[in-house]
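Computed from the coordinates by the stated procedures, all read-outs in this text should not be read as laboratory data. Keep in mind it's a predicted model, so treat the numbers as computed, not measured. Cβ atoms come from the backbone with ideal geometry, glycine included; neighbour counts cover every protein chain shown.
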Amino acid sequence: MKAQIAKTAAAQTHHGYAMDILERLTVDGFAPVAYEGTLYVVDSTTGMWIKYSTDALARLVANTHDGKYACERKSDYIGIAQHIVSLATNESFFKDVPIGLACPGGFYQVKDNAIEVVPLTAHHRQRVMLNVTPRKMAIPTFTGFLHETFESGDPQDEVEQVRLLQEMDGTIMLGIAYRYQKAFLKYEPFGRAGKGVNTKITCALVPSEFVTAVSPFVWDREYYIASLAGARLNVVGELPDGDAIPAAAFKTVLGGDMLTGRHPTHRPISFTNEAGHLFCSNHLIYTKDHGEAFFARWRILYFPNSRLVSGLPQDAGLADRIIAQELPGIAHWALEGALRVIRNGGYSSSVVHDRLMAQWRRSTNSLEEFISECCLTGDNGYSLLRSAFYKNYTAWCEETGRKPFAKGRVKDLLEHNIGLGISWAKVEGYETFRGIQMRPDMDAFTVA
């Protein structure tokens, strides 16, 4: 009898208790999997992989093995729970899962650049389920809201902005926005232009437990960055004005590099960002990083129709009505946007985005503002001596009260700004910038 008990009972060690709990949590042959410091267990009803927190694990350990040898104190329960996570860790399990949307109607899987609906199973390795099923239907209130929000003097601007918004919502909903390494900035300078309603609708396409609000201004702090682990959408309603964004941390998160964070009282965890990032602001963000690698990470949506400026009344319940009445149709609309991104290999272009990016770069960079105001670019026949260019630039900075970059820094900024199309060369022994020259009407800053 003692031999039989010893064979069937869990060994009275932390490892033995941990193995027993893992066996208890195995469902239909699918053992629990720990990923980025969190344990996931299959839900036999839905086929979803559900989070099982370390605290919940510790309670299960206590309820199952309390009073046994080496399982008598809170520290024992926590230690066993952490050992369970360690034993079940498989950092590749949720990588490269099938792209699609888990919902009550099944799994809307993207396959061969098309959508096919199949029964959802644990084999799909899905951790996020939307509570509505996409359906092709009329969405007149939402469509009308988008028209009022993005209407402009040039109809093409509205078309391009709505298309970019559709692609953003779709990739966020499917959990693939991070793959394109872009952050979205909703910008307008006055307020009450539709950003809040628009953002609330986007958030409705992601279950709330997978939405975080971690400002990019604190991404260089381990306690904050840990909150991004496992998130599908990170949305911040307003950004500080005047503070410089920690650009290195921003590029590390968006670039898919390994991150290390820590929740208070927990061990550090290593993970890569899998969230789409959406920020709202009434100003263009201040940055000390003027390189292409920083600015290329952004997509800007501009909201031109402020109700504060126009004097039109606010509709406080608009977002809630749209979500209640038209969310299945919006989810279908967003799916079409995500498919377009997948087929094209990236987000669609927008003239409004390009215009605002140029404005943003000039506002944070005296060099680009000088070039915009005083120079001609875009012709391979243009050329200007490096020494003359720098004298013109510093003279302009002195006149306008701007701070000039050092001469060596100017050369680096020009060579690494792909959009300007300026290159450096030695011509007859003289350092020369090609693709740029002073405008004829800028005599006040022109040096021979």
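Scattering from segment 379-448 was approximated by placing one identical point on each alpha carbon and applying the Debye formula without solvent; log10 I(q)/I(0) at 0.17, 0.28 1/Å stands at -0.63, -1.42. For the pair A31 and A213, label points projected 7 Å from Cα toward Cβ lie 4.1 nm apart.
Note on the chain: dipole from Cβ charges, positive end direction compared against Y187, G311, P246; the farthest Cα belongs to P246. Restricting the calculation to Cα atoms, the chain shows an Rg/Rh of 1.08 when the hydrodynamic-style radius is the Kirkwood one.
For the chain, the longest principal axis of the alpha carbon atoms and the long axis of helix 14-24 meet at an angle near 90°. Only Cα pairs under 8 Å and 6+ residues apart enter the sum, and on that basis the relative contact order of segment 235-334 stands at 30 percent. Across the chain, C-alpha contacts under 8 Å between residues 6 or more apart give a mean separation that, scaled by the residue count, equals a relative contact order of 15 percent. Taking Cα atoms only, the orientation of helix 351-363 departs from the longest principal axis of the chain by about 70 degrees.
Loop-resident trypsin sites (Lys or Arg not before Pro) (DSSP state other than H, G, I, E or B) in segment 259-297 with no more than 15 further Cβ atoms inside 10 Å of their Cβ: K288.
With Cα atoms defining each centre, segment 369-448 and segment 258-311 are spaced 31 Å apart in the structure.
The mean sequence distance of close C-alpha pairs (under 8 Å, at least 6 residues apart), as a share of the length of segment 350-448, puts its relative contact order at 37 percent. Taking the fewest neighbouring Cβ atoms within 10 Å as the starting point, the ordered list for S86, S215 is S86, S215.
For the chain, the longest principal axis of the alpha carbon atoms and the long axis of helix 140-150 meet at an angle near 40°.
Fewest neighbouring Cβ atoms within 10 Å first, the residues Y17, Y223, Y347, Y77 line up as Y223, Y347, Y77, Y17. Based on Cα atoms of segment 315-410, Rg over Rh with Rh as the Kirkwood radius reads 1.27. The order of H263, H123, going from fewest to most other C-beta atoms within 10 Å of their C-beta, is H123, H263.
Using 0.36 nm per residue and subtracting the Cα-Cα separation, the extra length available between K200 and S53 on full extension is 50.2 nm. Judged by the mean number of other Cβ atoms found within 10 Å, the most tightly packed of the peptides 32-38, 271-277 leads the ranking 271-277, 32-38.
A helix-only calculation puts the chain at -12000 deg cm²/dmol for mean residue ellipticity at 222 nm, using -39500 (n - 2.57) for each DSSP H run of at least four residues, averaged over all residues.
Rounded to two decimals, the Cα radius of gyration of segment 106-357 over 2.2 N^0.38 Å is 1.01.
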